[in-house]
1. P(r) tail for chain B, what percent of Cα pairs lie past 39 Å?
2. Counting each DSSP H run of 4 or more residues in chain A as -39500 (n - 2.57), what helix-only mean residue ellipticity at 222 nm follows after dividing by all residues, to the nearest 500 deg cm²/dmol?
3. Among C:142, B:111, B:242, C:102, rank each residue by its count of other Cβ atoms within 10 Å, from fewest to most, as a rough exposure measure.
4. Please compute the average number of Cβ atoms from other chains found within 10 Å of each residue's Cβ in peptide B:132-143.
5. Give the Rg/Rh ratio for the stretch B:143-286, taking Rg as the radius of gyration of the Cα atoms and Rh as the Kirkwood radius, to two decimals.
6. Which cross-chain or sequence-distant (5 or more) residues have an amide H under 5 Å from the amide H of residue B:242, H modelled 1.01 Å from N in plane?
7. About its Cα centre, how strong a charge dipole does the stretch B:67-216 have in debye, to the nearest 20, once Lys and Arg get +1 and Asp and Glu get -1 at the Cβ?
8. Report the Cα-based extents of the protein assembly as shown along its three principal axes, largest first, to the nearest Å.
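Quick note: the coordinates plus some simple rules give every number you see, no bench work behind them. Quantities reported herein were computed from a predicted structural model and do not represent experimental measurements. Positions of Cβ are backbone-derived with ideal geometry, glycine not excepted, and every protein chain shown enters the neighbour counts.
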Amino acid sequence: MKKVFLLIISSFIISNITGQVEQMIIPSDLKQQTIITEPATLRKGFFRIGIVNSWGAVDRIFDESGKRSYLMGSNGWGTSWSCELDLQYGITDRIQVTAQLPYKRDKIYYAAELIAPGYDSSLVQYYKTTGNGLGDISLAASYQIIQENERRPSLVTKLFVTLPTGRKNPTNIENSREYDMPTGYGETTLDFHLQARKIFYPYSVTVYTAYKYHFKGEKIFNPGEEEVSFKSGDLFYIGGTFNVHLNDWIALGNEVGFYKWWDDEYYGETAADVGMTGRWVINYQPSLVFQIRRFRFFEVIQFPIFGNSVAADPQYILGLQYII
Amino acid sequence: MFLSKTISIITFMKRRTFFRPFSLFLFLIHFYQSPAQDTDVYGLLTERYVDRPINVHRGQLQINTGYELSVLNKKFDSEGKAVNLAKDGSAAMQHLFPFDVRYGLLEHLQMSVGINYARTGIRERNVWIIAYDTEVSIDELNEYKGLDNLNLGFLFRDPFDFKNISWTIRGNILVPLFNHKPDQPDHSIYTAVLETSYTQLSYYYRNKYGSGILTGALGTDLKLKTSNFSALLSGSFSSDLMEGTNIQWRSNLVENEFEYYSEEFNYKYGHQVEYLALFAYQAIDWFAVQLFACGIYTYGGWSEATGKKVGNRPENLFSGGLGYEILASPHLRLFQTLEIPFLGKNIMGSFVINTGISLNFISETYYNLFK
Amino acid sequence: MNKLINYFLIILSCSLMISCEEDTDVIDPDEVGIWKYYSTSNGLTNDDIRAIKQDRSGIIWVGTYGGGVCKYDHGNWSSIQERDGLLDNRIYSIAEDVNGDMWIGTAYGISIITDDGIISLETILDSYYIPLSLYSDSRGWMWIGTTTGIIIYDQSDFYPVSFVNDDFNWIWDITEDSEGQVWFSTTGGAISYNENNGLEIFTVDDGLYGNFVSCILQDSRGFIWFAHLETERITRWDGTNFEYINLLNGYNYANVWSMVEDHNRNIWFTTKNSGVTCYDGVIPKTIGIKGGLKDYDIRCSMVDVEGNLWFGSDSLGLQIYVPE
């Protein structure tokens, strides 16, 4: 149950892509440009602040045969919510820096009725494992290699660094099912991202690809154990978006992405030895972006369509941004 | 099984606004004719939410679809007390995909056909039996999946065309076209013998979503409106028109292998009364917000699943919520609602997020034919 | 078109009105899944119950150890005791013969209750006996299980059968399977009788889990169950293979007194120490005092024609369960 929960939490990383939500254009004010028409990086001196909320439940997974199935053998249920402060600043028209500060709130519920017929008694035990607190902070620098014009698309490269600022080990351990879960992954990652975008007003098309490298880390995986070294499997992803202005205030986005993880290494064994192999997922993310002046509100639903050994339930993402 | 019918009827009853921005539908925007060609049709398609009649206009084809996520994390017991299912580890999610098509035969007459596809898996609390030298762990999953009954309906609006008030009478038949009988279960057992014997037993029941009973419904709506506000009051009564037949799967464990057999039984869901009060405010010409309260009361019905004709317990649920609609284009409306259960008895209460789109087209030829 | 719609609505309204007619014979859901209790305070003459039987007219006969036999006739209790003509107030067994007469096995012999009075069988073939069990088979024969073997009554004469091994002479229970084979539960094993093979003995050497067989039952699926005292498991036989079922009642001994099958094909085992255990074909679930019983020592049981389960306890009277 916990491993799967970790898989599901990892899928929230994918939601960072919603930072590319479309904008709305009122040409008279560059700060009111929409996701369709704004440049690929913030203009010089522009500062955007945003709050992004993500929520999902732990209900089903794609099993090793790719079928959506329920977790059997352990009846438990969980939810995951995160609220991320998103800060973006344009140093120049081509260079933008980003900081993402997440706050996480994860819960896993489990209950068992213990029946002892020899004593004619039964007892219901409730367990709730929570993980509240600051997550791993991400810092990014984006550089627009090619600026878009009528003939050519823009090409942007980004480098994300995620630092293990979140709590990496379980704390307040009362028993194997009651403790405070980690809020961070306990590892540093480097995410190299390449994106091309072209506007065909009122449409825009984006394609992107990225590779995320995980450095080795050390953490406690299960309560009561010692810290062990590990390396999470690197992640490769590729995808594209197709967005359209419906009117001056509303833009619709559609994104399809393919994500592939390499095998994790735990306790010196690869994930292949412990049964977690071949993780991948194809997501479809429709989004609605609603912009009035400098305020941008967006809603995204992330649907896992196909996958293997990953979460199979949709996530809801709501965000609010303001550009100064 | 009862839960599925309850949810499906709520889905049918509510005046939802959908939001589901599939890229495929965007192409349909180009089918819209420019406003200068036919002001009447354009005007009808871009009517504000509060001004719109309850039914679709003459010659108007409306296609509604979307996605409804229900978080089944609460249930109300026989005394009306809310029980937290998440705490039990037995909460669930329901994914429902509604689809319905409405057509305006006349200005005051609408026909509709609709269907839902849904899927949910409801877990039971884990049970551990600790006997003398044996421990048994039991999990149970009840999955409900499939197509609901086909919903055919007619709606008749009053012909008086008062400016600020209108009412309708509607009738619906829910036809059980699809298989509602559950598939054979897929239980599993694992036994390990060490110092004590340990057995892991997992029950997996594979039920269908549809009710399997021909159901009829009669309802009425009353809509009042002012310049920027409207209020809609709806009520309906539905009942099974005949008994249903279903099967119940039983299992035997013989030499650590499951053997299954089914037994038929009759049942009826009984009668259901539904009501809705919805208040809308037109904030901008293309954006409206809604506040609503709705409820259902179910009574009657029985089941012979246990061999005896045992009556169903009456159920009721009262919920409330809010929503919005965006008129994205003359042909495309996006909407979303959020529903929260407040009170209930003997029923599951779920937190529902409904997102969808509504595509609208008017045939000029048909529209002008009756002008 | 309007007319058609009007007709449709009228037909629908009429159909709904017809469907609103109240269904008859519907049981209130609050009247199932409940327990009822009878003791000396509300009808019984003694709280030590040893036998329960329902005759063809629906009257329930309850044999007590010290209070004679009590009759439950549509809500009314009455009793027949030694003062009324019974040989003794200590009852071991009850059976109904082909003529509708009730055979009551007492500590001093059998009293046959007929419409014309009570016939006493203090001795059979000039021998005293203790009728531990009684059974009327499909041939019309009455089988009498005693502490000294079997006595067969074929409506004209009595025929005694006894065994060299005295363990086989204690006949605790008698039943008949669907093929007309009569089964005897004895201290030394199980004995079957049919015309073709005569008497056949089953012991641990043949596959039983234990030699002490307290009762035998053939269920609706065709399995033959052999319940034991002082063993960990009970035996289930499909005609070819023996399987041993753990009743999971929390004790190292199952100690089953009696078995019945309810209308939902669940097998109910009454035990000496842990109340009753319901076996649904997969998992046994034990019900004790916290589940609704009054006593853990349940000596006998019966399912009436309405599907209610009657349990007779060692010292606390009758407990009747109305299943859900």
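1. Details: 17004 of 68635 pairs.
Roughly 25 percent, rounded to a whole number.
2. -1000 deg cm²/dmol
3. By the 10 Å Cβ count, ascending: B:242, B:111, C:102, C:142.
4. Per residue, the number of nearby Cβ atoms from other chains is 5 on average.
5. Here Rg/Rh amounts to 1.24.
6. For residue B:242, the qualifying residues are B:214.
7. 600 debye
8. Taking max minus min along each principal axis of the Cα atoms, the protein assembly as shown gives 121, 79, 49 Å.
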